[in-house]
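Below is one structure, written out as structure tokens; comments come after it.
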Amino acid sequence: MTVSRWQQRFDLWLAEHSGQADAAHDAAHVRRVWRTARYLMAGEQVDEVVILTACYFHDIVSLAKNHPQRHLASKMAADKTETILKTCFADFPEYRYAPLRHAIEAHSFSAGIAPQTLEAKIVQDADRLEALGAIGLARVFAVAGSLDIALFDSDDPFAQRRALDDRRYALDHFRSKLLRLPATMQTAKGRALAQSNANYLVQFMGKLAAELQGDFNGVDADVLERFTLRDTVC
């Protein structure tokens with residue numbers, strides 16, 4: 001069966017079974033992850049069906065950022081995906097279960113599982129790229145709103161005199177996680193995109209810093225200098 005046909009079937013399943021996912025992990029998210037994965041895997045010798053399926057079901061179990069079992073969510077998602085495939089897609093080839101499980105389990109930042117296959121590396125990169133750039137900017141504040149997290153500490157927005165705390169302030173999440181993502185990328189294409197999109201977030205930080213100082217037309221050069229990622233990611 002072709003990849004396109006598997007995608008059509010997965011789309012139909014999601015339309016019938018997807019519930020009220022949060023704004024950062026809805027059906028549109030998995031389709032964007034698949035689109036990014038297709039770009040990353042172009043020209044590579046990979047199992048496209050494994051990548052497609054992992055992209056579509058990696059967040060089938062999604063726990064809130066502040067959930068105590070957050071680090072186990074990707075394993076739960078792999079378990080549930082296998083159950084869904086056996087129940088609703090009985091013709092899904094059994095030999096793909098193991099690489100699929102690994103790709104789903106390894107995608108998670110919280111799980112801390114190193115991807116061992118190219119398929120898993122591509123899925124991990126594609127998912128992490130969702131956290132950067134314009135989409136990442138929108139997602140981080142959407143999640144913050146759903147968890148009742150403040151946008152930033154009005155007294156010390158860039159944590160110059162305090163420890164970072166992204167459980168209290170959304171802006172802190174940029175430095176505690178998002179700007180660290182480029183260094184975790186597994187593919188050359190992923191690293192290039194991640195660095196560019198991380199610097200988009202830095203531009204936002206610079207603009208925010210300027211506005212907080214009453215400069216509504218400028219960008220804070222000090223923030224740009226401190227946080228812009230250089231071409232040193234390897």
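Convert each backbone phi in the range 220-229 into a coupling constant with the Karplus relation 6.51 cos²θ - 1.76 cosθ + 1.60 (shift: θ = phi - 60°), then list the ³J(HN,Hα) values in order as whole Hz, x for Gly and Pro.
In residue order, the calculated couplings are 5, 5, 5, 5, 4, 5, 6, 10, 5, 7 Hz.
Report the semi-axes of the equivalent ellipsoid for the chain in whole Å, largest first, where each axis is √(5λ) for an eigenvalue λ of the Cα gyration tensor.
Taking √(5λ) for each eigenvalue gives 34, 19, 15 Å, largest first.
So, for the chain, what is the accessible surface per residue at a probe of 1.4 Å, expressed in square angstrom?
In whole numbers, the chain has 50 Å² accessible per residue.
Tyr39 versus Asp79, label points 7 Å from Cα toward the beta carbon: distance in nm?
3.5 nm
Give the residue from Gln116, Ala192, Gly145 lying farthest towards the positive end of the charge dipole for the chain; charges sit on Cβ (+1 for Lys and Arg, -1 for Asp and Glu) and the dipole is referred to the Cα centre.
Gln116
For the chain, with only Lys/Arg (+1) and Asp/Glu (-1) charged at the beta-carbon, what is the dipole magnitude about the Cα centre, in debye rounded to 20?
Magnitude of the dipole: close to 360 debye.
Ordered by packing density, taken as the mean number of other Cβ atoms within 10 Å over each peptide's residues, highest first, how do 157-163, 113-119, 40-46 rank? Could you put the intermediate results ahead of the total?
Values: 157-163: 12.9, 113-119: 17.6, 40-46: 14.4.
My ranking of the peptides, most packed first, is 113-119, 40-46, 157-163.
Exceeding 27 Å between C-alpha atoms, which entries from my cross-link table qualify? They are Lys80/Lys189; Lys86/Lys189; Lys86/Lys177; Lys75/Lys121; Lys86/Lys121.
Lys80/Lys189; Lys86/Lys189; Lys86/Lys177
With θ set to phi - 60°, apply the Karplus curve 6.51 cos²θ - 1.76 cosθ + 1.60 along the range 201-213 and write out the HN-Hα couplings as whole Hz, x wherever there is a Gly or Pro.
The phi angles translate into 5, 5, 4, 4, 4, x, 5, 4, 4, 5, 5, 5, 9 Hz.
Can you list the aspartates and glutamates whose alpha carbon is less than 19 Å from that of Lys207, not counting same-chain residues fewer than 8 positions off?
Asp153, Asp155, Asp156, Asp172, Asp215, Asp220, Asp222, Glu225
With charges only on Cβ, +1 for K and R and -1 for D and E, what is the dipole size of the range 66-195 about its Cα centre, in debye, rounded to 20?
260 debye
Kindly write out, for the range 78-94 in residue order, the coupling ³J(HN,Hα) from the Karplus curve 6.51 cos²θ - 1.76 cosθ + 1.60 (θ = phi - 60°), rounded to whole Hz, with x marking Gly and Pro.
5, 4, 5, 4, 4, 5, 4, 5, 5, 8, 10, 9, 4, 8, 5, x, 4
Which distance in nm do the two modelled labels at Lys86 and Thr184 give, with both placed 7 Å along the Cα-to-Cβ direction?
Taking the simple label geometry, Lys86 and Thr184 are separated by 3.0 nm.
Multiplying the sequence separation of Tyr95 and Ala134 by 0.36 nm and subtracting their Cα-Cα distance, what value in nm do you get?
Going from the current span to full extension adds 10.3 nm.
So how far apart, in nm, are the two label points at Phe141 and Leu72 if each is 7 Å from Cα heading toward Cβ?
3.5 nm
The values are calculated or read from the model by the stated rules, or taken from the named source; none is laboratory data. Note that the coordinates shown come from a computational prediction; the quantities given were computed from them, not determined experimentally. Positions of Cβ are generated from backbone atoms using ideal geometry, with glycine treated the same way; all protein chains shown enter the neighbour counts. The accessibility values were calculated without ligands, DNA or RNA, using every heavy atom of the protein model including side chains. Shrake-Rupley method; radii C 1.70, N 1.55, O 1.52, S 1.80 Å.
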